[in-house]
Amino acid sequence: MAVNVAFIGGGLPTLIALGGYSVVCNEINPISYSGDSMGATVVISLAVGKTPVEIRDFLAKNAAWFCIPRLGKEIMRREVNEFLGNLKFKDLPIDCFISIALSKSCRLKKVFPMIINRRNAGELTVGEVIAMGSSVPFLYAPSSLTIDGKKWKVYDGGLAINPPLNPNVKNALFSYENPASRKPNSWNKNARWPQEEKATAIFHPYTEKFKMLGGPKDVYAAFEFGKVAMQSEKEKFLKTLGN
């Protein structure tokens, strides 16, 4: 069965989604992955061949460093490249669709979505794509990207498409339910929820426990929360997906 595995961003709570995926990953054979922000880190790592546990341990090891304002983005780029073998995005062994948000200025009055894939990534490394698409406003400075001679500011992909899906196949979306994201002033409210309506099967356990940032203990706790939640939903989730 052709399945795209999609991971939602959101910092630490993305580990909830990863924990859930760890329960069913051996029963899903993705032909592609998609993600935004921290979800991009997860899916690109999966595409390279890293296991959910290896990704969890990598993120736990670097959690405190990635939370450093401004400097954290450069640390993320460097550490991801080392973790994934300094691979260029175009050389990924499986398709990945990563959303970024483009803006003409730092005011973010209007953002334009762009999806990076193996065909348009040029010479960007996996670490550069992840760092670029994780530029959360007020935490990291925006990256710069020139497209057709025009310069753009690049922000967190969750501002635009959270996450992209593959319209040509079934989509398994790994997410989490947090009521804060449905508030009118939520920064990604309009981007996230339509994706859930389009997905074939959705994993999104409810919790208010985890914030966007956290340390190593929080990474392990979020992963375990998702793992336990999926264990009770596994049969229904796979049946909905068609497995």
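Structural remarks
- Candidates in region 157-171 are the residues that are within 16 Å of M114 (Cβ to Cβ) and not in a loop (DSSP other than H, G, I, E, B); of these, the one that is most open to solvent (accessible area, probe 1.4 Å) is L159.
- Region 201-243, residues that are closer than 15 Å to F174 by Cβ, polar (S, T, N, Q) and in a helix (DSSP H, G or I): Q231, T240
- Where helices (runs of 4 or more DSSP H) sit wholly within region 1-101, those with at least 1 residues that are closer than 16 Å to L124 by Cβ occupy 38-48, 71-83.
- Positions within region 89-116 being surrounded by 14 or more Cβ atoms within 10 Å (Cβ to Cβ) and under 11 Å from I44 (Cα atoms), in sequence order: F89, L92, I94, D95, C96, F97, I98
- Scanning region 125-139 for residues being open to solvent by 40 Å² or more (accessible area, probe 1.4 Å) and under 18 Å from the mean Cα position of the chain (by Cα) gives a total of 1.
The values are calculated or read from the model by the stated rules, or taken from the named source; none is laboratory data. Remember, predicted model here, so these are calculated numbers, not experimental data. Neighbour counts are summed over all protein chains in view; Cβ atoms, including those assigned to glycine, are modelled from backbone coordinates with ideal geometry. Note: areas computed on protein heavy atoms with side chains; ligands, DNA, RNA excluded. Shrake-Rupley method; radii C 1.70, N 1.55, O 1.52, S 1.80 Å.
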